[in-house]
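Would you mind keeping the following structure in view while I ask a few things?
The values are calculated or read from the model by the stated rules, or taken from the named source; none is laboratory data. Quick caveat, the model's predicted, so the values are computed rather than measured. Don't worry about glycine lacking a Cβ; one is built from the backbone with ideal geometry, like all the others, and counts go over all protein chains shown.
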Amino acid sequence: MQFQIDSEYDRLTAVLVHRPGGEIDRLTHDNCKRFLFEDVPYLRRLQEEHDAFVAKMRDNDVEVFVLGELLKDVLADEEARSRLVGCVCEAAAIPAIADELTSLNHWDIPQLAEILFAGVTVPEYMKKTGQRIGEDRGEDAFLLTPVPNAYFSRDPAVVVRNTAISSKMHYRERVRETLIVRSVLENHPDFRENAIVYGGTNEPTEDRPFTVEGGDIIVLSKDAILIGASERTRSETIERLAGKCFAAGQIRRVYEIPIPSERAFMHLDTVFTVVDHGKVLWFGDVMDGIKYIHRYEPGDEVGVARRIPESRGFVEILQAEFGRDVTVINTAGGVRPHAAKEQRMDGANALALAPSVVFTYERNEHTTRELEENGVQCIVIDDAELVRGLGGPRCMTMPLRRER
């Protein structure tokens, strides 16, 4: 599988997803906010909706790779398994259990894969191993916490042109997602020939505080990308990431787009997505007020980015990059209160299957109508449970390849 993403809207041919599993069943009304959820989804229905979404992509000739299955392949390699489990346990500050998990004395590979997503409680670990590690405070005393956000596979990594960027998550509750996806990208035979331009295993200097998440990275063209400076992606990271991309010869320009540092707008793609060449979907309450944009270009030294304050407005930048006038489609047509409501329900988070063909949530009827009135075909997906994690169709997918 050769990665190739030159835009957000060319025909999608390959994508990575994670089917939600036991990690969702770990959520309760007492802990859901800790794990960045507003509510507790119903797992079986959540899986049915996710499966239906995946089926629609496959029906449209998209090759869908499932993270959990890829992870099992990686865990079958003893060296890769040891390295990943070691990183996971170190990040969770429980290095004492790394050897026990790696050895497969008490868990087989499918069970270990499940643990890496769903975590393990103190009682569960003690029952399996006979070892008491950590304080037993009941059934919800996690030794290794779950990662219920993993079905938002956009955030742990992103493909830009023919290389990958491995993210550095803002919240510690999501760090393991990046470790799992990075291990798959670096070790799975389907992917390991592709370079990781930022955040690879051998880049310790790119760890905290240099946080960046995939939902903030939008590929405009083979020459330019947008990166949101958001609640979860730091401006300092954007500069460093730009330098790495320039050094790899992937792109020529990076634009830093500041958005409010609020949970409601956690990533750039919650308020802005591209649906075709010169056609964008956005939430006007945020995007109409964008200012203080910076542009990064290659500096005098290799790997160094030059930061330039932008005198142009956002639409002017888009017009220059697309080489044409830009059609702006507002979430719910910009009509209150529908626009604000549908933005919170991921109305702006459309995933382009092909130029002017997108996946959207069924509930965002006003946004769907506005898209269709502007010549965009919408493939609607059921969302009663999917939406509870605050992520839409774009959030749930990591595109690997689009037709040039």
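May I ask you to list the residues in segment 192-210 that are within 13 Å of T237 (Cα to Cα) and either modelled with pLDDT under 80 or among the polar types (S, T, N, Q) (or both)?
T205, E206, D207, R208
Take A242 and decide whether it is within 22 Å of R161 (Cβ to Cβ), of a type in the set (G, A, S) and within 20 Å of the chain's Cα centre (by Cα).
Considered against the rule, which asks whether it is within 22 Å of R161 (Cβ to Cβ), of a type in the set (G, A, S) and within 20 Å of the chain's Cα centre (by Cα), A242 comes out as yes.
Answer yes or no as to whether V271 is β-branched (V, I, T), buried (at least 24 other Cβ atoms within 10 Å of the Cβ) and touching a helix residue (DSSP H, G or I) at 6+ places or on another chain (Cβ under 9 Å).
Here the answer is yes, as V271 does meet what is asked.
Same structure again: If you take the residues of segment 365-404 that are out of contact with any Cys (no Cβ under 9 Å at 6 or more places or on another chain), hydrophobic (A, V, I, L, M, F, W, C) and assigned to a helix (DSSP H, G or I), which of them is nearest to R263 (Cα to Cα)?
Applying the filter and picking the extreme gives V387.
Restricting the first residue to segment 46-60 and requiring it to be farther than 14 Å from V380 by Cα and buried (at least 16 other Cβ atoms within 10 Å of the Cβ), which pairs with a second residue that is at pLDDT below 95 and among the basic types (K, R) meet a Cβ separation below 8 Å and a spacing of at least six or different chains?
Within 8 Å, the pairs are L46/R388.
Right, something else. Evaluate the following for E297: is it surrounded by fewer than 24 Cβ atoms within 10 Å (Cβ to Cβ), more than 16 Å from T270 (Cα to Cα), modelled with pLDDT of 95 or more and in contact with a Pro (Cβ under 7 Å, 6 or more places away or on another chain)?
no
On to the next question. On the given criteria, is V181 among the hydrophobic types (A, V, I, L, M, F, W, C), buried (at least 23 other Cβ atoms within 10 Å of the Cβ), under 12 Å from the mean Cα position of the chain (by Cα) and closer than 30 Å to Q319 by Cβ?
Against the criterion (among the hydrophobic types (A, V, I, L, M, F, W, C), buried (at least 23 other Cβ atoms within 10 Å of the Cβ), under 12 Å from the mean Cα position of the chain (by Cα) and closer than 30 Å to Q319 by Cβ), V181 does not qualify.
Identify the residue in segment 161-170 that is touching a Ser or Thr at 6+ places or on another chain (Cβ under 9 Å) and over 11 Å from R208 (Cβ atoms) and, among all such residues, is surrounded by the fewest Cβ atoms within 10 Å (Cβ to Cβ).
S166
So which residues in segment 255-294 are more than 13 Å from V328 (Cα to Cα) and in a loop (DSSP other than H, G, I, E, B)?
Listed by number, the residues that qualify are I259, P260, S261, E262, M266, H267, G289, I290, K291, Y292, I293.
Turning to a different aspect of this structure: Give all pairs with beta carbons closer than 7 Å in which a residue from segment 173-196 that is in a loop (DSSP other than H, G, I, E, B) meets a residue that is small (G, A, S) and crowded, with 21+ Cβ neighbours inside 10 Å; count only pairs at least 6 apart in sequence or on separate chains.
N194/A164
So which residues in segment 321-336 are touching a strand residue (DSSP E or B) at 6+ places or on another chain (Cβ under 8 Å) and either in a loop (DSSP other than H, G, I, E, B) or at pLDDT below 95 (or both), if there are any at all?
Matches in segment 321-336: V326 only.
If you check E316 against the conditions, is it under 28 Å from G334 (Cα atoms) and free of Cβ contacts under 8 Å to residues at least 24 places away in the same chain?
Yes, satisfied.
So L318 ticks every box in (1) surrounded by fewer than 16 Cβ atoms within 10 Å (Cβ to Cβ); (2) touching a strand residue (DSSP E or B) at 6+ places or on another chain (Cβ under 8 Å); (3) part of a helix (DSSP H, G or I); (4) not small (G, A, S) but one. Which box is left unticked?
Checking L318 against (1) surrounded by fewer than 16 Cβ atoms within 10 Å (Cβ to Cβ); (2) touching a strand residue (DSSP E or B) at 6+ places or on another chain (Cβ under 8 Å); (3) part of a helix (DSSP H, G or I); (4) not small (G, A, S), the one that fails is (1).
Let me ask something else. Test V304 against the criterion of being crowded, with 18+ Cβ neighbours inside 10 Å and at negative phi, and give yes or no.
For V304, the condition - crowded, with 18+ Cβ neighbours inside 10 Å and at negative phi - is not met.
For R394, state whether it is in contact (Cβ under 8 Å) with a residue 24 or more places away in the chain, out of contact with any Pro (no Cβ under 9 Å at 6 or more places or on another chain), of a type in the set (K, R) and surrounded by 24 or more Cβ atoms within 10 Å (Cβ to Cβ).
Yes; evaluated as a whole, the condition is true for this residue.
Any residue that is out of contact with any Gly (no Cβ under 6 Å at 6 or more places or on another chain), in contact (Cβ under 8 Å) with a residue 40 or more places away in the chain and β-branched (V, I, T) - is there at least one of those in segment 290-299?
no
Residue under question is E23, and the condition is that it be in a loop (DSSP other than H, G, I, E, B), crowded, with 21+ Cβ neighbours inside 10 Å, charged (D, E, K, R) and at pLDDT 95 or above; does it hold?
Taking the combined requirement at face value, the residue does not satisfy it.
Has segment 89-102 got any residue that is surrounded by 16 or more Cβ atoms within 10 Å (Cβ to Cβ), at pLDDT below 95, assigned to a loop (DSSP other than H, G, I, E, B) and not polar (S, T, N, Q)?
Within segment 89-102, one or more residues are surrounded by 16 or more Cβ atoms within 10 Å (Cβ to Cβ), at pLDDT below 95, assigned to a loop (DSSP other than H, G, I, E, B) and not polar (S, T, N, Q).
Step by step: first the residues of segment 106-133, then only those that are free of Cβ contacts under 8 Å to residues at least 24 places away in the same chain and not in a helix (DSSP H, G or I), then the one that is nearest to L144 (Cα to Cα). Which residue is that?
Restricting to residues being free of Cβ contacts under 8 Å to residues at least 24 places away in the same chain and not in a helix (DSSP H, G or I), the top hit is T121.
Also: Name the residue that is nearest to D25 (Cα to Cα), counting only residues in segment 89-128 that are of a type in the set (D, E, K, R) and touching a helix residue (DSSP H, G or I) at 6+ places or on another chain (Cβ under 7 Å).
Ranking the qualifying residues of segment 89-128, first place goes to E114.
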